[in-house]
Structure formats: C-alpha cells, structure tokens
Amino acid sequence: MTDVVTHRADATALDPAATAESPAVKARTYEVRTFGCQMNVHDSERMSGLLEDAGYTPAASDATPDLVVFNTCAVRENADNKLYGNLGMLRQTKAKHEGMQIAVGGCLAQKDQDTVLAKAPWVDVVFGTHNIGSLPTLLERSRHNAEAELEILESLETFPSTLPTKRESVHSGWVSISVGCNNTCTFCIVPSLRGKERDRRPGDILAEVRALVADGAVEVTLLGQNVNTYGVEFGDRGAFAKLLRACGEIQGLERVRFTSPHPASFTDDVIDAMAETPNVMPQLHMPLQSGSDKVLKDMRRSYRSKKFLGILDKVRERMPHAAVTTDIIVGFPGETEEDFLETMRVVEASRFSSAYTFQYSPRPGTPAATMEDQIPKAVVQERFERLCALQDRICAEENATLLGTAQELLVTADSGSKSAETGRLSGRAPDNRLVHFSVPTGEPAPRPGDFVTVTITKAAGFHLLADPGGAEDYRLRRSPAGDAWDRWQADSCGVGTTQVSGSTPAAVSLGMPTLRVGP
C-alpha cells in the first residue's frame, strides 16, 4: 500500500474560455493527493493527465493550488479520519483563496457518496471510481453553477486506460489490464466500489505498452485487482500467460512485473510464462492473508495453506532466485492463537522477501464487519508485533543470501533519505529489492533509467548496499529511459540538451504526454 503521493510542480494554466494571448488568462493550478494502492496511484496519473488536457498545470510546491483533488482509499481503518482531517485543514485555506476548488474521488467517495458533502459542505466535487473522466466537466459545472456537484456511477463509464495519463516515472509505467474484481472476500470492500472484473483486449494492452516503450520506458507493471483471472470475461483462461509472453516480444521492454494475483486462480501456465520470458522479472507478489485454513475459509479466499505453499514451491523450482512478497492480515474475526500460529508457520516456510502486514479493522459494508468474535485490539497488537519480528528476521536472512552477488540495477530518481550524506544512488534489482549503491571515483554516474551492475557488499533488513571497490566492480549501461530523463531535464529548464541525439519524443497514443518525473 502507498501512504500519500502528491503531484505538484511549477506552472500556470489557462481559463478554458480564453486563449494564451487573451487578457482573460489567469492562473489555474492543481494538486492531487493520493491515498491507497497502486491502482489509486495510477488513477491519480490519469486525473493529472485529464486536468492538464483541460488547461490546468501543477501547483508550485510553495504555492496554494487553485484545485486540490483527493484520490481516496476505503481499505484502511483510518481512511475516513484521514480524509476528513485533511478537508478540515483546507477549509480555512479555501476561504482565503478566492476561486479555490476541492474535489474528492476514489473508493471512499464511491462508498460514502452524500456523506462527503454532509460532513464537508465546502467540497465542490465528489466523483467515484467509475467516472474519473468526468472530473474536468464536474469542476467547470460546479464553478459555473456555484454549487457542489456529486456524480457517482454504479458501472464503468469508460475504461480508465483510454484517458490521458501523466506518468510520474521516466523509466517505468503502470498498465491496467483489468478493473474490478469477481471475488467475494469477506474483509474487502473493493468489489462493491470498483465493480465486477472488466478485461481489456490484449491488442489494446500491448499497444499501450509499445507506446510507453517508444516514449522511453524500459519497465512496465501490469495492474489488476486479480491479474491472473485476466481473460475470463472474453473466454480465454490462458490469456494472462499469453500476455506475459507477448510482452517478451516487445523490443526495448526490459522489465515486466505484475500485481496482484490471487492464489486460488494461479496456474502453472503463468509460472511457465514467467520462467521462459526473459524480461518477466523473477518477482511474485502473492497475497497470503492468513496461514490458517479455518480463517481462509472465513475470509472466502478459496485456497488453503497447502495450495499456497505448493505454488511457491513450483515458482522456486522454475525460478530459484525469485523473490516472493505478500499481504497478511492479523486478528481476523474468530482467529484463535492456534490460527495465528498457523500463519507464523506458513510465513516461516514461505521465506517472503518482504510482507505488507495489517491489523484487521472492520470496514462497514463487508461481511466480516458484522461477524462474531471480533478480536480485542490488545490481542491483535501483540500478534502483529510477533509476526513483524518474524518477518523482519526472514527479510534480513533472505537479503543476506545476496551478499557477493552481482546485480543489475535499474537506477531510480529517488536516492533515499540518506543520499546527501552517503553519496549513494538507488536502484532496483531484477527481483525488485532496493539497493543503495555508490559510484567509484572517476567512473561515469548513471541517470535515472540507466542500468548499473554492482556487487552487493552489505545486507540490511529492508535494503542492500553496494559499494564497488573500483571500476572492475561497476558497469554502466545507458538506456533509452536515461535519454528520456535527459530530455525531460532539458525541457523543464528550457535549455535544450547536448547529451542526447534526436528531438524530444512526440506525444504518444493512448493519451500519454511527454515524460515527467517526481513532484
């Protein structure tokens, strides 16, 4: 899960009714604040693309935006408090900033609907997960009518990936292959908020991937609430494995990842496609949720611990160096100490490289919220701490197995909180582990999007370090994504570039503009 992502930068926007030369030109800036998962992050990229198509531009980091959009999550326990706390803090800001608008979208908006305006009547627009494309129109309508606009659709208005998208990474891109979910997990409210699964056609997905690569991306992550059921809607149960293999044929695409599959639907053809397609990375995010068969049944998870561990055995047989990550819920209603110990047993056996661990909290509208035997908070907390201690130990042990190995890293723009004092840069290994590395004296520094090969010299619990002893331990491979980074840097400064031959890439199809990185 992602806590908060904010899209901001410098610029001015045009009033939709004015031209650049018109005296009616005025500043109209925006900021998108994102809470939730990767799907929400990608939705926020679309919101940013839509707003910029409508004439908005991102707000400067030290300026009050004319528009703040909250893209909300309904999964976390404190989702409501977080949203309404933020809205409360903005109330006075809006009163002092003439013409400012506030919009609330995403899963919490889809769930609460009228409640948002009842609790925060100073909000201008409330829109749901099914009509992201309506945001600019709703904002203009609210501004024109001087009243709040609420529009929540119960079914998908248009497939989100057809909307304009403003990507936040120069080297990587999200690609939605489906939206919605057909599962009925008792703890999850997502199916009721995002609807039944809708699958995109393979040709549309591959066209978007090719467009990303043409624009400089070297890595894509295929997104879906349950990616490995992709194809069921159009009658091809082997479609996801075929899609992975097809991605392997796209020239210039170096890394393919996907999230998240469901263990109940995970089939051998997907494992074979992962193992036999060179650019599909040896990484698998496989949500466990619980190691207790009784709890899994109560969760309606449709698999048991034996099947889960069997999948991991098959994955590691075909890809011995694969890293597996997971999601785990502690304290589900009715979970006994014996049930919890079963989770601990499965975690020990699974050897996850990392895990997203959560304390169960009732979500209104889910069957689990009304189940008997809700676990006391103190018991949940104590179990959670034991689980975290176990997983932290396993993380450190698994990271230690990479000491002395050579890893090719995709260099990222985020160098970490200590980069200023350590001088290290950061990158992701093929299995997605985070590595902080240094560049030997006299050797060329990589750009975000380039690749470096280094030897791991130290393992910590949540990251690895690589400090090459000299040029023989460091190899740089420049990439089109690094070239795109140079072009973006030059464009943002307006100075042109002498580092990259050729012109700035043209706008690509499917609504994706020229690359931009980071807030």
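The values are calculated or read from the model by the stated rules, or taken from the named source; none is laboratory data. No experiment lies behind these values; they were computed from the predicted model shown. Because the Cβ atoms are built from the backbone with ideal geometry, glycine has one as well, and the counts that use them run over all protein chains shown. Quick note on the areas: whole protein, heavy atoms, side chains included, nothing else; ligands and nucleic acids left out. Shrake-Rupley method; radii C 1.70, N 1.55, O 1.52, S 1.80 Å.
Quick notes
- Converting phi to 3J(HN,Hα) with the Karplus coefficients 6.51, -1.76 and 1.60 and the offset θ = phi - 60°, region 245-259 yields 5, 5, 4, x, 8, 8, 5, x, 8, 9, 9, 10, 10, 8, 7 Hz in sequence order, with x at every glycine or proline.
- Extension gain, residue 373 to residue 356, is 3.7 nm, computed as 0.36 nm per intervening residue step minus the present C-alpha separation.
- Amide H within-cut-off set for residue 466, under 5 Å, with H built and near neighbours excluded: 436, 437, 438, 457
- Here the accessible area of region 428-468 is 55 percent carbon and sulfur, with a 1.4 angstrom probe and all protein chains present.
- Nonlocal amide H pairs with residue 285, under 5 Å, H built at 1.01 Å: 325
- Accessible area expressed per residue, region 74-124, with surrounding protein chains retained (probe 1.4 Å, Å²): 48 Å²
- Of the accessible area of region 265-412, computed with a 1.4 Å probe over protein heavy atoms only, carbon and sulfur atoms account for 55 percent.
- 3J(HN,Hα) couplings calculated from phi for region 347-356 with the Karplus curve 6.51 cos²θ - 1.76 cosθ + 1.60 (θ = phi - 60°) are, in sequence order, 4, 4, 6, 7, 6, 5, 6, 6, 8, 8 Hz; Gly and Pro show x.
- Computed lengthening from residue 414 to residue 89, 0.36 nm per intervening residue step minus Cα-Cα distance: 114.1 nm
- Accessible surface calculations at 1.4 Å, restricted to protein heavy atoms, place region 272-345 at 40 Å² per residue.
- Amide H partners (placed H, <5 Å) of residue 126, local residues excluded: 104, 149, 150, 151
- Taking a sphere under 10 Å around the Cβ of residue 123 and counting the other residues whose Cβ falls inside, with K and R at +1 and D and E at -1, yields a net charge of +1.
- Nearest-0.05 FRET efficiency for residue 250 and residue 307, computed from C-beta distance (R0 25 Å): 0.15
- Across the protein chains, with a 1.4 Å probe defining accessible surface, the residues 478, 255, 487 rank 478, 487, 255 from largest area downward.
- Taking 28 Å as the limit for the C-alpha separation, the pairs 294/314; 314/418; 96/119; 111/242; 82/294 exceed it in the case of 314/418; 111/242; 82/294.
- Relative contact order for region 321-419: 34 percent, from Cα pairs under 8 Å spaced at least 6 residues apart, divided by residue count.
- Here region 424-447 is scanned for amide nitrogen atoms under 16 Å from the site 7 Å beyond the Cα of residue 471 along Cα-to-Cβ, giving 439-446.
- Cα gyration tensor shape of region 41-131, rounded if a/c is under 1.5, else prolate or oblate by comparing a/b with b/c: oblate
- Gain in span if fully extended, residue 114 to residue 294, counting 0.36 nm per residue against the direct Cα distance: 61.0 nm
- Solvent-accessible area assigned to carbon and sulfur over region 48-159 amounts to 45 percent, based on a 1.4 Å probe.
- Each residue of region 293-298 is assigned a 3J(HN,Hα), and the resulting list reads 4, 5, 5, 4, 5, 5 Hz, derived from the Karplus form 6.51 cos²θ - 1.76 cosθ + 1.60 (θ = phi - 60°), x at Gly and Pro.
- Order by protection proxy (mean Cβ within 10 Å, highest first), peptides 56-69, 264-277: 56-69, 264-277
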